[in-house]
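The values are calculated or read from the model by the stated rules, or taken from the named source; none is laboratory data. Everything quoted here is computed from the prediction, not taken from an experiment. Neighbour counts run over all protein chains shown; Cβ positions are idealised from the backbone, glycine included. Surface areas here come from the heavy atoms of the whole protein model, side chains and all, with no ligands, DNA or RNA. Shrake-Rupley method; radii C 1.70, N 1.55, O 1.52, S 1.80 Å.
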Amino acid sequence: MIRLDETQNEKQLQDSDALRETWADLSAEDRLNAFMNLERAAAEDFFLTLKTDEQAELLVSLPVFERRFWLRILPPDDLADLIQEFEPELRYAMLAELDPRLGKEVAALLAYAEDQAGGLMNPRFARIRPDMQVGEALRYLRKQAHENLENLRFIYVLDRDQKLLGAVSLREIFLAPDQKLVQDIMRTNLVVANENMDQEALKQLFASHGLMAIPIVDSAGRMKGIVTADDIVEVVEEEATEDIQRMAGVEALDAPYLKIDLASMIKKRGGWLVILFFGEMFTATAMSYFEHELERALVLALFIPLIISSGGNSGSQASTLVVRAMALGEVRLRDWSKVLGREIVVGAALGLILGSFGLLRIIFWPNRDTVYGEHFFLVGLSVAVSLVGVVLWGSLSGSMLPFVLRKCKLDPATASAPFVATLVDVCGLIIYFTTASLILRGTLL
């Protein structure tokens, strides 16, 4: 009998795994049919592994009596995220299908902004009173275990006004004598977060203390719920995705790539492309200003792509490193002078390296007199010095722009690689032709 049950469980897991692999390729109708054909236990496990938007799509196609069951198996915080996926008029219908207590919990969570700690927390957590004896607390925890608690590893000690006094682990309760009071074994030096704390600050709190869960309290110290490390992992993934998209010169997408409509995709990508296009138009303006130099020394035009790409690459590197360091909390606004000092040294060193390679390339190039003329050394020197200046400028602008944006209360990720590259392109041409004019004056110019 046991072997038969194990065989059935293995088959259910295989069916669930196979459906998970093909889910993205199925139509809405095929998804519904395949899901309804799963055994109940396998279907529950499978439903919980779906992303929030996938759960929402599936629920819309289910009959109302089936939908109620699947709504009720989710914890309140996940359910709040799910309901936000629906259109406003459908949200009220979904809330109406919940039990009164669950509906009240979800409605309270929906009152918070999505990026606040209150919007991420689960209002269900294990709680006991400080004046309980350990034996009484264990019996009380057994009753709470049936309430679909997300985390039983940590038990929080609250007074009659629901104010957080301390916490105790399940292991500590098991090891303590039954007659001992909870207040004698609880820890009071807790890391807590306010319900209005931004998710970015909450993420830093998890990272700096290495915690698995953080209690969320209101301004009066009343405990409202807990946020677990699993919740923060999702936040980190979402924020990293948005930062990568912005740094690529794309407005943050609000849906998976294949699910966002083409009009929205064009709008989100086109805005930045238009801005960058007009920015690059200044490149033509800069080149027209040095038209006389180009006519007299056409050889300078050969190195324009080399100069501006080197500056753009160094700027993109610096911008990416600083934005990421800001996101991880490694660099703060007050650290701008330290970053500036480092980038001056690094930018100058990188410029010298590239400039040396550029000079050597011209000096030892076959037929250099034919290609670059009799003043090939001065041409090479112009390229080398320009590379030092352009790479240094790229590093400085790429590293400082995120600080400027943060100071202006804007997202530092907006200092995207394409934006920095466009800025450095224009300035790089000015540096290049100004340097060439000074070095080649009296010879080619």
Item checked: Near pairs, Cβ below 6 angstrom, 6+ apart or cross-chain, from the stretch 325-337 (exposed (fewer than 12 other Cβ atoms within 10 Å of the Cβ)) to any residue that is among the charged types (D, E, K, R) -> LEU333/ARG406
Next item on the list: Within the stretch 56-80, track down each residue that is open to solvent by 50 Å² or more (accessible area, probe 1.4 Å) and among the acidic types (Asp, Glu).
Entry: GLU57, ASP78
Check: Restricting attention to the stretch 183-237, which residues are of a type outside the set (S, T, N, Q), under 17 Å from ARG129 (Cα atoms) and open to solvent by 30 Å² or more (accessible area, probe 1.4 Å)?
Finding: ASP184, ILE185, MET186, ARG187, LEU190, ARG222, LYS224
Margin query: Given the criteria over 27 Å from the mean Cα position of the chain (by Cα), of a type in the set (Phe, Trp, Tyr) and open to solvent by less than 30 Å² (accessible area, probe 1.4 Å), does PHE35 qualify?
Written below: yes
Next item on the list: Tell me which residues, restricted to the stretch 38-55, are open to solvent by 50 Å² or more (accessible area, probe 1.4 Å), assigned to a helix (DSSP H, G or I) and not acidic (Asp, Glu).
Entry: ARG40, ALA41, LEU48, THR49
Check: Does the stretch 312-324 contain any residue that is touching a residue at least 24 places away in the same chain (Cβ under 8 Å), under 23 Å from ALA284 (Cβ atoms) and open to solvent by 70 Å² or more (accessible area, probe 1.4 Å)?
Finding: yes
Next item on the list: Can you confirm whether the stretch 173-182 contains a residue that is modelled with pLDDT of 90 or more, open to solvent by less than 40 Å² (accessible area, probe 1.4 Å) and either of a type in the set (Lys, Arg) or outside any strand (DSSP E or B) (or both)?
Entry: yes
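Based on this model, can you work out whether LEU306 counts as open to solvent by less than 20 Å² (accessible area, probe 1.4 Å), more than 27 Å from the chain's Cα centre (by Cα) and not aromatic (Phe, Trp, Tyr)?
Numbers: open to solvent by less than 20 Å² (accessible area, probe 1.4 Å): no; more than 27 Å from the chain's Cα centre (by Cα): yes; not aromatic (Phe, Trp, Tyr): yes.
Judged against the criteria, LEU306 is not a match.
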Checklist line | From SER288, SER309, SER264, residue being among the small types (Gly, Ala, Ser) and at pLDDT 85 or above | finding: SER309
Margin query: Just the residues that are part of a strand (DSSP E or B) and not β-branched (Val, Ile, Thr), please, taken from the stretch 154-172.
Written below: PHE154, TYR156, LEU158, LYS163, LEU164, LEU165, GLY166, ALA167, SER169
Next item on the list: Filter the stretch 338-372 down to residues that are open to solvent by less than 90 Å² (accessible area, probe 1.4 Å) and of a type in the set (Ser, Thr, Tyr) and give me whichever is modelled with the highest pLDDT.
Entry: SER356
Next item on the list: Could you grab me the full set of residues in the stretch 394-438 that are under 18 Å from TYR289 (Cβ atoms), open to solvent by 40 Å² or more (accessible area, probe 1.4 Å) and at pLDDT 85 or above?
Entry: ILE430, ILE431, THR434, LEU438
Next item on the list: Assess whether LEU378 counts as being more than 30 Å from ASP411 (Cα to Cα) and out of contact with any strand residue (DSSP E or B) (no Cβ under 9 Å at 6 or more places or on another chain).
Entry: yes
